[in-house]
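The values are calculated or read from the model by the stated rules, or taken from the named source; none is laboratory data. The structure presented is a predicted model; accordingly, all values stated were derived computationally and were not measured. Note that each Cβ is placed from the backbone with ideal geometry, even for glycine, and that neighbours are counted across all protein chains shown. The area values use the complete protein model at the heavy-atom level, side chains included, leaving out ligands, DNA and RNA. Shrake-Rupley method; radii C 1.70, N 1.55, O 1.52, S 1.80 Å.
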Amino acid sequence: MDWARVRAEFPILDRTVHGKPLVYLDSAATSQKPQAVVRAVSDYYERLNANVHRGAYQLSEEATEAYEGAREKVARFVNAPDPSEVIFVRGTTEAINVVAQCLARGTLAKGDRVITTVMEHHSNIVPWQLLRAYHGIELEFVGIDENGRLDLADLDRRLQKPAKLVTVTHVSNVLGTVNPVRAVADRAHAAGALVLVDAAQSVPHRKVDVQALGGDFVAFSGHKMLGPTGIGVLWGRRAILDRIPPALGGGEMIREVHQERVEFREPPAKFEAGTPNISGAVGLGAAIDYLGKFSWEELARHEATLRQRARRRIEQEFSDNVRVYGPPEGPDRESVLSFSLAGVHPHDVSSILDAEGVAVRAGQHCAGPLMDRLGVPALTRASPYLYNSEAEIDRLFDALAKVVKVFAPPPGAPRAGG
Ligand code: C6P
């Protein structure tokens, strides 16, 4: 694969910041979009725009076809048994909140146990904390080991008592750990619990097959996988979707409404109240088509090359002052590279990198409990994707060398700024 040509398909990557060519290394926060996705969205508005599922006219039928076509693409992309199991939502956060609200209505009751993990993003913690506060559920956190891997023995211990749900991230947005979701799901199911998988950080980088993962719900966001913002997916097993009540009520999701009675439509409509993000779904479909141009293996090889470059530079030049978090290179390690630089706050690191044109994220990464567990206030995170090059990884570390110079002068040297 000619990755330089791939990069050329992302117009934003041509721009400069602070007079320097942009090096975008924050794709775990949101990915950039190829021209094909931008064009699909504008094309939708230029040629197809109408509301879906309502109009008895051609334009609405075409918009509906485009929207439902995107659903079918998503279903094939994640190997869902049926497109009716694919619910369009705003993103991972909304998907998990929808599950929480649906389960709060009849499945989870006061005292029921929900098990999450300490490495979750806030979007897989706070919805459950809300159920704890307002519905009286109990919430527990599975721990991690020194390398940032999930402690399966801890999960087993917790599953010895009845639990209703185990909810786990497939890939950590901070540690890059790829969790053994199938093993977690099998254990949880054996204990009679449902399983939710947060696939926000895995779907952009590796084949996610919802059937192979073994969960009951899988959530992910379009904007991290080259698609537009404001569109995401909740996949759920049809038998469960049939059984649980909807989270939101309104138009589109009903069969009949009378003063005393309401009947819902079948999934997915039951879970999609109101006018959906039609252009977003079309853009997500275009992102899936775009990703389909690469094999997962060649994408993984490219990302591994970038990571190896980063690791080499760290070992050779920063071994004294940079600490990388998460498991070592291996099959259970994904792209994100979170690190601390001795004596320098991550916000200072990221501002100096920004001045050099390098965009990374600094802070808690919406993972407060994980920061507590790691005993750090914040981390700097570089998260490359398919459009990045080894030369850009070098730009990151050349800029980091400047950070070191500014903040950590060798003993005896004058401090920067006098
Ligand atoms: N993580 C990051 O910089 P939304 O915002 O709904 O699209 O995705 C939320 C979310 C859920 N789970 C995981 C594992 C995630 O990484 C994210 C988003 C971004 O790490 C923004 S905080």
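Quick notes on this structure:
- Heavy atoms of Asp242 accessible to a 1.4 Å probe, total area in Å² rounded to 10: 80 Å²
- Between the stretch 11-34 and the stretch 345-361, the Cα center-to-center distance that results, in Å: 13 Å
- Percent of beta bridges antiparallel (DSSP, the chain, rounded to nearest 5): 60 percent
- Spin-label pair Gln160/Glu317, simplified geometry with 7 Å Cα→Cβ offset, distance in nm: 5.1 nm
- A simple spin-label model places the labels of Tyr57 and Ala183 5.8 nm from each other, with each point 7 Å out along Cα-to-Cβ.
- With the convex hull of the Cα atoms taken as the outline of the chain, the averaged projected area works out to 22.6 nm².
- The figure for Glu256 is an accessible area of roughly 70 square angstrom, using a 1.4 Å probe on the protein chains alone.
- With a 1.4 Å probe rolled over the protein heavy atoms of all chains, the accessible area of Ile352, Ile125 falls in the order Ile352, Ile125, largest first.
- Calculated mean residue ellipticity at 222 nm for the chain: -11500 deg cm²/dmol, from DSSP H runs with n ≥ 4 weighted as -39500 (n - 2.57), summed, divided by the residue count and rounded to 500.
- Long-range HN-HN contacts of Phe264 with modeled amide H, under 5 Å: Arg255
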